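Visitor: Attaching a single structure in structure tokens format; questions to follow.
The values are calculated or read from the model by the stated rules, or taken from the named source; none is laboratory data. Every value quoted in this text rests on a predicted model; they were computed, and no experiment measured them. Quick reminder, even Gly has a Cβ in these numbers, built from the backbone with ideal geometry, and neighbours come from all protein chains shown. Note: accessible area is taken over every heavy atom of the protein model, side chains too, but ligands, DNA and RNA are not part of it. Shrake-Rupley method; radii C 1.70, N 1.55, O 1.52, S 1.80 Å.
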Amino acid sequence: MAYYYDPFSFLSGLIWFLFLFYLIIAPQLQYRQLMSARRSIMQKLGEKRGSNVIAMIHRQESIGLFGIPFYRFISIEDSEKILRAIRSTPKDKPIDLILHTPGGLVLAASQIARALKDHPAKTTVIVPHYAMSGGTLIALAADEIIMDPHAVLGPIDPQLMNYPAPSILNAVKKKDPKDIDDQTLIMADIAEKAINQVRELVYELLKDKLGDERAREVAKILTEGRWTHDYPITVEIARKLGLNVSTDVPPEVYELMELYPQPLMHRHPGVEFVPTQRRERGNT
């Protein structure tokens, strides 16, 4: 049987090989570049503020073979990493924790909050957009909270099986015990315990800053179900609660946020703008 060399088939196969190789390697290279850029900005911010900068930013990462988004929230893995970062920080060095999160596990958030509170030097939580639920719990542990003027925190009432714990208790109170099934009664019992546990933790985090009476009052406000779980606690509301909040977010934080890209399939092309440079005060 005679064989002959087909340069076209060889070239076609090589092109396909290079294309597949690019699909596999390019996302990894892109991710490495992003990580390097993120570290550079964090180091720059740390040198500027004389602090150890830690970031917990939960966005749907689009880096991957097919750009498949991954939903992010506060997890045990997050608490392990942040606890290691806090332990490795010299006791006399301040910590800046950049938070952008919808919340997550109470256990993980409470571990981070306690570790942050126990750090001897000044601790600051920086919120460029939002730190809801468990993110708010962590923010309460800091000596200072720096928020964008339009950033928000959120209530920290526990959630059980996608239901707010206070709402479960309210529903049970409106019924006669004989009309309530055992599962609902069990959920109500767990809900009451969960509220008390989170409320006590919030009190512990705030009593040194606000005093005993005010700390208990704020802890009750944030956990009693006064608001829906996604209610935006603005800078003004946070200050009325007595929290130490400022709005001087360092520009490096916004630069860092740009390096956490959202998945392309979730972007809305209708929102576009041309960045303009801020004028220095006194210039015309």
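Visitor: Cβ neighbours within 10 Å, averaged per peptide: list 154-163, 236-245, 100-109 in order, most packed at the top.
Guide: Working: 154-163: 17.7, 236-245: 16.1, 100-109: 20.6.
Listed from highest to lowest mean packing, they are 100-109, 154-163, 236-245.
Visitor: Still on this structure, please answer the following. By per-residue mean of other Cβ atoms within 10 Å, what is the highest-first order of 50-58, 35-43, 126-134?
Guide: On the way: 50-58: 19.7, 35-43: 14.2, 126-134: 24.9.
Answer by packing, highest mean first, reads 126-134, 50-58, 35-43.
Visitor: Roughly how many percent of the accessible protein surface of segment 57-213 is carbon and sulfur, given a 1.4 Å probe and a whole-percent answer? Before the final figure, lay out each step's value.
Guide: On the way: 4300 of 7910 Å².
C and S atoms contribute 54 percent here.
Visitor: Which lysines does Lys173 reach when only Cα atoms under 25 Å apart count, and residues fewer than 8 places away in its own chain are ignored?
Guide: Reachable lysines: Lys193, Lys220.
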